1. Given 125, 121, 65, which one is in contact with a Leu (Cβ under 9 Å, 6 or more places away or on another chain) and on the phi > 0 side of the Ramachandran plot?
2. Could you go through region 183-193 and let me know if any residue there is under 17 Å from residue 18 (Cβ atoms) and in contact (Cβ under 8 Å) with a residue 24 or more places away in the chain.
3. Can you pull out every residue in region 217-240 that is assigned to a loop (DSSP other than H, G, I, E, B) and within 12 Å of residue 282 (Cα to Cα)?
4. Looking at region 98-110 only, could you name the residues that are out of contact with any strand residue (DSSP E or B) (no Cβ under 6 Å at 6 or more places or on another chain), modelled with pLDDT of 95 or more and either within 20 Å of residue 191 (Cβ to Cβ) or not in a helix (DSSP H, G or I) (or both)?
5. Could you pull out the residue among 46, 79 that is farther than 22 Å from residue 196 by Cα and in contact with a helix residue (DSSP H, G or I) (Cβ under 7 Å, 6 or more places away or on another chain)?
6. So which residues in region 70-97 are more than 10 Å from residue 13 (Cβ to Cβ), in contact with an Asp or Glu (Cβ under 9 Å, 6 or more places away or on another chain) and assigned to a loop (DSSP other than H, G, I, E, B), if there are any at all?
Amino acid sequence: MTKPLEGVLILDLTHVLAGPFCAMTLLDLGARVIKVERPGEGDDTRAFPPFKEGESAYFAAINRGKESIALDLKAQHDRAIFEQLLVHADVVLENYRPGVMEKLGYGWEALHERFPKLIYGAVSGFGHTGPEAGKPAYDMVVQARGGVMSITGEEGGPPVRVGASIGDIVAGMYLTQGVLAALYQRDKTGEGQKIDISMLDSQIAILEHAVALASTTGKAPGPTGARHPSITPFSTFRAEDGFFVIAAGNDALFAKLCAALRLDTLPKDPRFNTNTARCENVALLKRLIEAQTLTQPRAHWIALLERHGVPTGRVQNVLEALEDPQLAARNMVLPIEAREIGPSFVGAGNPIKMSGFSDPAILPPAPSLDGDREHILEWLKTIPD
């Protein structure tokens with residue numbers, strides 16, 4: 001069966017992560033993605049380590065399956081090629097600083113007038129409106145400005161960046177949602193529209209409990225380590241051989257946890273009989289739980305808690321996660337096919353599982369810089385005017 005976005009053409013002018021992540025997701029859903037890169041250099045991430053046989057694993061993981069053409073949008077000949085592509089495109093994605101596309105003559109208003117069905121997706125640090133719209137930003141800047149770093153790390157410690165680049169990735173996810181909604185809307189109206197995604201906006205949008213706490217109490221929440229600030233017990237715990245997590249998110253699960261650990265008096269103890277009480281006595285509760293869990297290895301406790309229906313799991317490093325049998329069964333760690341000349345890599349599979357089409361067993365390779373120019377130009381010649 002065909003994928004949902006089969007026949008949709010994306011012109012991807014983005015670089016580094018937020019925009020390319022969006023384009024990758026759309027590609028996984030069936031779209032054709034032509035990556036328009038700078039001549040000579042291409043996407044910045046082509047120079048990001050780690051490298052294998054001189055090629056970036058970072059670039060390969062985010063740009064697999066795309067086609068590449070290098071175009072200088074200030075040069076007349078390359079502009080002519082780009083405008084030929086625009087005639088046939090459904091979506092153009094860009095993550096330049098606001099105003100750059102306008103200077104090139106390819107801003108939203110100019111493109112919408114010429115190509116009214118075209119969807120224009122833009123992602124930037126601070127968005128296209130507001131007093132700081134023109135400022136540059138990277139992932140760390142928006143994690144800091146958006147409050148995420150203030151609640152990450154251990155209590156009393158310095159602000160900590162989240163290990164994954166969620167400033168970019170979350171913005172890329174919201175851009176994907178916007179593009180899908182715009183495609184659906186275009187089916188009804190025949191009109192394209194502009195999608196303006198701010199990385200900073202996207203950070204505040206994911207602070208579900210922190211916004212509630214700050215706005216209700218008037219106090220800024222701080223870091224709580226691995227512990228959830230509003231649910232207890234919901235944290236890491238030590239076993240004989242390392243850390244694992246327990247996520248007892250309600251009173252029923254807490255009772256099951258206590259039964260498994262033979263802490264039968266705790267569900268009726270006024271210090272622990274409600275989630276509010278447990279949050280107020282979190283340190284004492286953790287000591288009582290770890291007095292039990294430190295006596296056996298993680299595997300023992302995980303098996304026991306799972307038999308009792310308590311959500312749990314060991315804390316895995318990334319190498320362990322890559323070998324997790326559940327992730328393997330879901331096709332979430334896949335080989336990236338090598339080009340005729342070039343190395344093979346490993347990448348994440350598509351987490352969007354749909355009944356209408358099956359997952360691939362191997363991912364297509366990332367393009368070499370300008371590697372698809374001849375194919376793209378020949379394709380343009382075959383399309384009737």
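The values are calculated or read from the model by the stated rules, or taken from the named source; none is laboratory data. Note that the structure is predicted; figures quoted are calculated from it, not measured. Neighbour counts are summed over all protein chains in view; Cβ atoms, including those assigned to glycine, are modelled from backbone coordinates with ideal geometry.
1. So the residue among 125, 121, 65 that is in contact with a Leu (Cβ under 9 Å, 6 or more places away or on another chain) and on the phi > 0 side of the Ramachandran plot is 65.
2. Filtering region 183-193 for residues under 17 Å from residue 18 (Cβ atoms) gives none.
No, there is no match, as no residue in region 183-193 is under 17 Å from residue 18 (Cβ atoms) and in contact (Cβ under 8 Å) with a residue 24 or more places away in the chain.
3. Residues of region 217-240 assigned to a loop (DSSP other than H, G, I, E, B): 218-233, 240.
Those that are assigned to a loop (DSSP other than H, G, I, E, B) and within 12 Å of residue 282 (Cα to Cα): 224, 227, 228, 229, 230, 231, 232, 233.
4. 105, 106, 107, 109, 110
5. Just a single option satisfies the conditions, and that option is 46.
6. Correct list: 72 only.
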